[in-house]
1. Within the range 143-162, can you find the residues that are without any contact (Cβ under 8 Å) to a residue 60 or more places away in the chain and either more than 20 Å from residue 66 (Cα to Cα) or assigned to a helix (DSSP H, G or I) (or both)?
2. Give the range 126-142 a look and list any residue that's touching a residue at least 40 places away in the same chain (Cβ under 8 Å), within 16 Å of the chain's Cα centre (by Cα) and assigned to a helix (DSSP H, G or I), or say none.
3. Picking from 57, 14, which residue would you name as being at pLDDT 95 or above and farther than 20 Å from residue 144 by Cα?
4. Here's a check for you: in the range 163-209, which residue that is in contact with a strand residue (DSSP E or B) (Cβ under 7 Å, 6 or more places away or on another chain) and farther than 20 Å from residue 76 by Cβ is modelled with the lowest pLDDT?
């Protein structure tokens, strides 16, 4: 089974494209190859890699977004992971976190375990997200569209859902080197900032959330 026609990017390349757009946004990455690809491309204290458990990255990201309402939280997810934890989409839709962006890299297979097919070829995850109440929902296949749409979501109130159709091309990425307890503590420190839990500096790129030094709000 091949992903829909016209898909040009690999998941690893698409993940790198989004990471290169970020400043101090908090990122929660699903388990498997996506965490390894994100870590290899751009490891940063604001990244949390979900090592070993499927379907829970958006739930973790939602919790962080609710606890840190002045920080933008971006979840990197896969189609197989979303299908395993679809109830979280309904929770996001019900709670409407304005600082939550859910990006799903959809190659229509379980790429980390041998490319067994998922159901995303017939279950349109962007339509599911729209039905559950995400404020902004988009579907892209090419790099330019990915960059433009991701930038727009980073400067808009969420919750937002971006489905990125990617190819099944994948190289064996290096494993995440940091041990989970150390990685968790590093992320907690990055999320909390110096002023304590719930009071960290706002993300620079988010319209209506970030603030300029002169008091204006919006993109900086």
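1. If the condition is that a residue be without any contact (Cβ under 8 Å) to a residue 60 or more places away in the chain and either more than 20 Å from residue 66 (Cα to Cα) or assigned to a helix (DSSP H, G or I) (or both), then 144, 145, 148, 149, 152, 153 are the ones that fit.
2. Within the range 126-142, just 129 meets the criteria.
3. Residue meeting the stated conditions: 57.
4. 208
The values are calculated or read from the model by the stated rules, or taken from the named source; none is laboratory data. These figures come from a predicted structure and were not determined experimentally. Glycine also receives a Cβ, built like all others from the backbone with ideal geometry; neighbour counts cover every protein chain displayed.
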